[in-house]
Amino acid sequence: MTDSIHITRRGGQKSRLTLKAREMMEAWLFVSPTVIGFIIFFLGPLLAVAYYSLTEWNLLTQQATFVGLANFENALLENPDFWHVVRNSVIFALGLVPLNMALALTLALALSRPFRGVVFFRTVFFAPVVTSAIAWAIVWKFMLQGEGGFINQVLALVGISGPNWLREPNWAMAAVIITRVIKMVGLNMILYIAALQAIPRDYEEAARLEGASRRQIFSMITWPLLAPATLVIMVITTIGSFKVFDHIYQMTGGGPENGTLVLAFYIYQQGFKFFNVGYASTLAMIMFAIVMVLTLVQVALRRKGME
Amino acid sequence: MRAALTGIVASALTLLMTTTSALATDLRMTVWTGSEAHLKMLNGIAESFKARHPDVNVKFETVPVNDYTQKLTFQVAGGNPPDIAWMMEDAAPAFENANLLMDLGPTLKAAEGYDFADFSQPAMGLWQKGETVYGIPFSTSPFMIYYNKDMFDKAGLEDPLALAAKGEWNMTKFQQVAKKLTEANPGKWGFEFKDGEGYASRMTHALLPPIRAYGGDIWSNEECGFDKPEAVAAIKQLHDMVFKDKSIVPPGEQGDYFSGNSAMTVNQISRASKMAEAGFNWGIAPLPGGPGGESPVIGQAGLVVFDQGKNKEIAAEFVAHMTNKENVATMAQFFPPARKSVLEADAFISGNKLVPPEMMKNVAAAIANGRVHPAHEKAPQLLAAMAPRVDALWKADADVDQAIKGICSAIQPLL
């Protein structure tokens with residue numbers, strides 16, 4: 001029906017466009033800034049990286065040679081560093097995700113109900129999220145110095161001799177994870193608070209009238225109802241943990257003994273320090289695949305949850 | 001009418017300004033110094049270039065030293081290189097081999113009164129291949145010991161300058177003095193590696209001077225030198241100083257010399273500009289000698305012009321101007337010269353505003369006798385390959401011999 005409507009312009013001239021065509025054109029005009037930005041800043045570079053991953057490209061000589069899947073073979077089958085780096089990334093994620101989520105949920109449970117000063121505490125725990133990551137890492141790097149560091153001096157007061165946090169591989173990984181958790185936990189806390197506040201109070205009141213304990217209310221009502229939010233938070237945090245770069249760059253530089261050399265930092269090293277742009281692109285494509293799989297898992301689980 | 005006149009005048013002025021700016025040539029030069037004193041001196045040299053080329057403006061762009069080569073590379077790859085750049089010695093081979101640098105030889109040799117032969121041949125080694133001149137060194141700066149005189153006095157010790165004058169400044173004395181300084185200044189250290197980066201970006205700068213003092217090198221002729229007996233002895237001494245004597249700032253600690261937290265460090269005379277605000281008495285002395293004799297280490301930096309630059313001819317002329325005798329003498333207060341005439345002139349020894357003549361004599365001697373830090377086309381890869389093995393070395397309970405073997409097995413394939 002609309003197809004047949006012709007718009008009459010001022011002065012009696014008929015527009016050649018149908019209403020639907022005009023609406024489509026307007027719609028495209030409205031979304032064009034986003035679409036253009038997406039193409040220039042995301043799709044274009046993504047396709048370029050996909051192509052570069054099949055080349056051996058030295059940035060200095062500006063010579064790119066097509067090598068097919070040789071870079072992928074090198075990364076996945078020949079280069080032991082790659083699997084060491086993947087292992088580090090997995091350890092980082094396994095350390096960060098449960099710690100972050102447990103702390104976020106605890107804080108959310110404590111701060112989801114209104115009480116005097118609740119806004120202050122929420123702000124305090126959220127503030128690190130909006131703090132500059134580099135500034136955060138620099139401050140922690142100072143605090144985590146060996147004998148002279150603030151943390152070790154505090155530990156010394158209670159008779160504990162702290163390690164040289166950022167110079168011992170295992171402690172360095174732990175230190176990076178914990179400081180990252182403290183920085184980012186506020187974001188997940190807010191997501192959990194929103195999810196908790198969306199649970200109708202009637203369920204809890206009904207359970208309480210039936211004589212349920214606080215633990216039972218949490219395990220049988222709150223936790224199951226938080227499952228969709230938990231799933232989203234888990235996937236987002238896992239993806240974020242695979243992309244960590246700034247913390248590693250500033251606090252450890254991938255050391256000591258490559259103990260904190262994670263995938264994103266390794267890509268940076270290959271591309272920006274050694275100028276092996278082809279190989280760095282290959283690594284970026286592998287990371288893209290990992291993140292894509294995690295995202296698809298999230299989508300699938302959410303669909304399943306909604307059914 | 002009045003409005004019309006105003007419009008005409010405004011248009012004429014705009015046209016004039018546009019024409020003038022269209023005629024002017026802007027040269028961009030990247031440097032890694034942000035020091036006010038250095039930039040003031042460089043701007044002065046750019047201003048004096050206007051006497052012959054009034055239409056040429058030179059702008060100095062500071063790029064932080066840690067990212068310098070990386071940012072320069074990306075500017076080149078992005079098709080927007082600077083016209084002129086300072087270049088670090090370790091980056092030079094890669095840029096030369098990629099044919100990115102202009103041959104400055106014809107311009108320099110044609111410049112009036114330039115005297116190209118005045119540059120010492122060893123200093124040109126890194127920048128010249130046959131007749132092609134890829135760059136010209138503007139800084140041939142030896143590593144020196146900076147010491148905090150107040151901390152030496154507090155410990156009742158003779159300072160390194162006095163010890164050097166007596167011929168007693170060697171690696172053994174260095175260890176003894178560093179230990180006594182640490183004991184006499186609680187909470188502070190006897191020695192800090194160069195720029196506090198000896199366990200990270202300056203790991204070779206930390207290890208090279210003692211290794212050379214023992215008669216070794218970190219690598220030479222494509223062969224790793226860390227596992228040679230001389231180098232092993234030097235590294236073991238440093239390891240003892242860090243973990244047994246606790247006289248060197250250990251990994252993971254901050255002990256900045258310039259803030260008065262360490263009694264000695266190694267650095268170049270360009271850092272003398274920082275000493276004005278240090279707030280303590282200080283001095284410069286040679287590096288301690290050792291079984292290998294005195295063998296100073298020189299850090300070098302050169303001026304290069306990019307071949308793809310639009311104004312490369314005029315940029316090369318600016319390099320010729322910047323490195324003529326007069327300007328090399330001006331820069332010598334911060335950047336020791338590679339020109340023999342300037343190096344041998346009294347003005348170099350006695351004309352430095354920051355460093356007294358008795359100390360500058362040692363700087364001149366170190367330039368004359370020193371060898372540059374080994375360069376390599378794959379310097380970034382070598383450092384990255386070394387880093388985890390060097391980390392393993394810097395532990396109190398490290399198996400030093402094993403860690404050293406690890407360093408060599410990591411870098412030998414790249415060499």
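The values are calculated or read from the model by the stated rules, or taken from the named source; none is laboratory data. Predicted, not measured: the structure shown is a model, and the values here were computed from it. We place every Cβ from the backbone using ideal geometry, glycine too, and count neighbours over all the protein chains shown. Keep in mind that these areas ignore ligands, DNA and RNA; they rest on the heavy atoms of the full protein, side chains included. Shrake-Rupley method; radii C 1.70, N 1.55, O 1.52, S 1.80 Å.
In the stretch A:115-137, the count of residues that are more than 17 Å from A:Trp171 (Cα to Cα) and within 14 Å of chain B (Cβ to nearest Cβ) is one or more.
Under the condition of being away from chain A (no Cβ under 14 Å), open to solvent by 10 Å² or more (accessible area, probe 1.4 Å) and among the hydrophobic types (A, V, I, L, M, F, W, C), the residues counted in the stretch B:212-260 number 4.
Answer with yes or no whether A:Asn152 is within 13 Å of chain B (Cβ to nearest Cβ), assigned to a helix (DSSP H, G or I), open to solvent by less than 20 Å² (accessible area, probe 1.4 Å) and over 24 Å from A:Leu261 (Cβ atoms). Judged against the criteria, A:Asn152 is a match.
If you go through the stretch B:344-359 and keep only what is without any contact (Cβ under 8 Å) to a residue 40 or more places away in the chain and assigned to a helix (DSSP H, G or I), you end up with B:Glu344, B:Asp346, B:Ala347, B:Phe348, B:Ile349, B:Ser350, B:Pro357. Considering the stretch A:128-142, and only residues there that are more than 15 Å from A:Val181 (Cβ to Cβ) and of a type in the set (A, V, I, L, M, F, W, C), the residue that is least open to solvent (accessible area, probe 1.4 Å) turns out to be A:Ala135. Condition check for B:Pro336 on (1) more than 28 Å from A:Asn276 (Cα to Cα); (2) open to solvent by 10 Å² or more (accessible area, probe 1.4 Å); (3) outside any helix (DSSP H, G or I); (4) touching a residue at least 40 places away in the same chain (Cβ under 8 Å): one failure, at (2).
Kindly indicate whether B:Val58 is touching a strand residue (DSSP E or B) at 6+ places or on another chain (Cβ under 9 Å), within 14 Å of chain A (Cβ to nearest Cβ) and β-branched (Val, Ile, Thr). So B:Val58 does not fit the description; no.
If you filter the stretch A:136-161 down to residues that are of a type in the set (Gly, Ala, Ser) and more than 29 Å from the chain's Cα centre (by Cα), you find that the one that is modelled with the lowest pLDDT is A:Gly148.
So how many residues does the stretch B:361-415 have that are part of a loop (DSSP other than H, G, I, E, B) and either within 14 Å of chain A (Cβ to nearest Cβ) or open to solvent by 40 Å² or more (accessible area, probe 1.4 Å) (or both)? The qualifying residues number 12.
Is it true that B:Val305 is crowded, with 21+ Cβ neighbours inside 10 Å and within 14 Å of chain A (Cβ to nearest Cβ)? Here the answer is no, as B:Val305 does not meet what is asked. With respect to the conditions (1) touching a residue at least 40 places away in the same chain (Cβ under 8 Å); (2) surrounded by 17 or more Cβ atoms within 10 Å (Cβ to Cβ); (3) not assigned by TED's automatic domain parsing to the domain that holds A:Ala289, A:Ala64 falls short on a single one, namely (2). Per the listing B:Ala285, B:Ala316, the residue uniquely in contact with a Leu (Cβ under 7 Å, 6 or more places away or on another chain) and either among the charged types (D, E, K, R) or farther than 18 Å from B:Ser141 by Cβ (or both) is B:Ala316.
For B:Leu287, the requirement of being open to solvent by 20 Å² or more (accessible area, probe 1.4 Å), outside any helix (DSSP H, G or I) and of a type in the set (A, V, I, L, M, F, W, C) is met.
Of all the criteria given as (1) within 14 Å of chain A (Cβ to nearest Cβ); (2) open to solvent by 60 Å² or more (accessible area, probe 1.4 Å); (3) within 26 Å of the chain's Cα centre (by Cα); (4) touching a residue at least 24 places away in the same chain (Cβ under 8 Å), the one not satisfied by B:Glu197 is (4). Elements of the type helices (runs of 4 or more DSSP H) sitting completely within the stretch A:159-265 and holding at least 2 residues that are in contact (Cβ under 8 Å) with a residue 40 or more places away in the chain and closer than 30 Å to B:Gly252 by Cβ: these cover A:169-197, A:227-242, A:246-251. So, B:Pro229, is that one farther than 13 Å from B:Leu393 by Cβ and without any contact (Cβ under 8 Å) to a residue 24 or more places away in the chain or not? Yes.
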